[in-house]
Each structure stands twice: as C-alpha cells, then as structure tokens.
Amino acid sequence: MTPNTVLERIKVHDKQFVPYLSQQQIQAATANIAKQINHDYGKLPIHEQPLFIGILNGSYVFAADLMRAINFDADISFMKVQSYVGTQSTQTLTTTIGLNKNINNRTVILIEDIVDTGNTLHRLIQNLAQYQPTTIKIATLLYKPDACQHPNLPLDYIGLSIPNKFVVGYGLDYNGLGRTYPHIYQLASED
C-alpha cells in the first residue's frame, strides 16, 4: 500500500467492514512487541529462551511476522483452539490441534491475534499449567480492554488496544473468511 492508497469497505459474508488499521500500523505494533521480547530474552542462554506457541487459526500471520522480527534462535509450535462462531464467543473452548512440545520448566509465550473476552486464553492457561511451565506470557497484536472478563491475564506484550468492535483481516476472520487482507477492518455500524 502506498501512502496515497485509500482503503475501501469490504464485505465478508453478510457483513460490511470499514478500514481500521493499515498494514504499516500493524507492522509497527509487531516490531514494538518483538523489540520488547528481544530485550527480555535475546541475551539469555538457549536453554532459558522461551517456547513460542501460536494459537491457530487467527495468529498465523502475526506469528510469522513476529518470529521474523525476533533476533535470537527461537522455538515455535502451534495449537489450534476455537471459541468463536460468527461474531460471538461460544463460551466453550475446543482444542483441535494439541501441543506437541514439552513445556515443563520452560517459559512459554502464547502468540494471539486478539484478546477480547479473554475466555479462550484463561482456559488455555489453566490447561497448560498442568504441564508445569516456568511461566506463561502472552503476546497479542490486539487487545480489547473493554471486553476483557479476565483482568489478571498475563498480557505482557500488547501491540494495540482497540475498542470493543469486531475486526477482520491480517489473520482475523468472520466465519472463516476475511483472513487474507493485509489490513484490519472493523465491523461497520449498521445505520
């Protein structure tokens, strides 16, 4: 996108979305998170460096960009969990791809695309705690403080705080679509 490019509304399924965050804003937020993680872990011996766990499907784009900005050898794995149908949380957590790495006595950094209610991460942290990691931290591109129902989540690395509105693009979806846009779009107000 060039500086003079004007983003248009998009339609995903039956909903209209308006431009919200540009690719440049997203990359700046990602670079800031990477800078903080590099500061916290970049000089540690390899056996003390964290295991990154990307939470699929939404975090795959952010996880890839974040990992490219990490300046130390880093191990990454993925888990697939789901709690959303449409634009609403189902309040239940379904794990379809489980953890395939030993996290005992390791620092774990969960990579999330967005934290809104926090229900998914709250339950996931409870599940992962049984494997006795040293600590669990969270790196999220987007955070909706007005929607979060779990104020004690270890949100150590936050890219951007946003209002409690539904967003798509850059890996975020509405019923499976909308992930491929390089920008982030917000649900349009229904006039």
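Of all the numbered requirements in (1) over 20 Å from LEU7 (Cα atoms); (2) modelled with pLDDT of 90 or more; (3) surrounded by fewer than 22 Cβ atoms within 10 Å (Cβ to Cβ); (4) out of contact with any Gly (no Cβ under 7 Å at 6 or more places or on another chain), LEU110 misses one, and that requirement is (3).
The residues of region 29-59 that are farther than 18 Å from ILE136 by Cα, part of a loop (DSSP other than H, G, I, E, B) and more than 15 Å from the chain's Cα centre (by Cα), listed by number, are LYS43, PRO45.
A quick yes/no check of all residues on (1) closer than 30 Å to LEU128 by Cβ; (2) out of contact with any Ser or Thr (no Cβ under 7 Å at 6 or more places or on another chain); (3) in contact (Cβ under 8 Å) with a residue 24 or more places away in the chain:
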residue	(1), (2), (3)
HIS13	no, yes, yes
SER22	no, yes, yes
THR30	yes, yes, yes
ILE33	yes, yes, yes
LEU51	yes, no, yes
VAL61	yes, yes, yes
LEU66	yes, no, yes
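Flag: THR120 does not match the condition of being exposed (fewer than 13 other Cβ atoms within 10 Å of the Cβ) and among the hydroxyl-bearing types (Ser, Thr, Tyr). Go through the residues of region 86-102 one by one and say whether even a single one is in a strand (DSSP E or B), at pLDDT below 95 and surrounded by 15 or more Cβ atoms within 10 Å (Cβ to Cβ). For region 86-102, residues in a strand (DSSP E or B), at pLDDT below 95 and surrounded by 15 or more Cβ atoms within 10 Å (Cβ to Cβ): present. Only residues that are modelled with pLDDT of 95 or more and either hydrophobic (A, V, I, L, M, F, W, C) or assigned to a loop (DSSP other than H, G, I, E, B) (or both) were counted across region 151-163, and they come to 5. In region 174-189, the condition of being aliphatic (A, V, I, L, M), modelled with pLDDT of 95 or more, in a strand (DSSP E or B) and under 11 Å from VAL115 (Cα atoms) is met by no residue. All of (1) among the aromatic types (Phe, Trp, Tyr); (2) at pLDDT 95 or above; (3) in contact with a Gly (Cβ under 9 Å, 6 or more places away or on another chain) hold for PHE78 with one exception: (2). For ILE26, the stated conditions do not hold, so it cannot be described as surrounded by 15 or more Cβ atoms within 10 Å (Cβ to Cβ) and assigned to a strand (DSSP E or B). So, in region 1-22, how many residues would count as being closer than 22 Å to LEU141 by Cα and at pLDDT 95 or above? Residues in region 1-22 being closer than 22 Å to LEU141 by Cα and at pLDDT 95 or above: 8 in total.
Only one of these conditions is not met by LEU124: (1) under 19 Å from VAL81 (Cβ atoms); (2) modelled with pLDDT of 95 or more; (3) not in a strand (DSSP E or B). Which number is it? Answer for LEU124: the failing condition is (2).
The values are calculated or read from the model by the stated rules, or taken from the named source; none is laboratory data. Everything numeric here is computed off the predicted structure, so don't read it as measured data. FYI the Cβ positions are ideal-geometry reconstructions off the backbone, even for glycines, and counts take in every protein chain you see.
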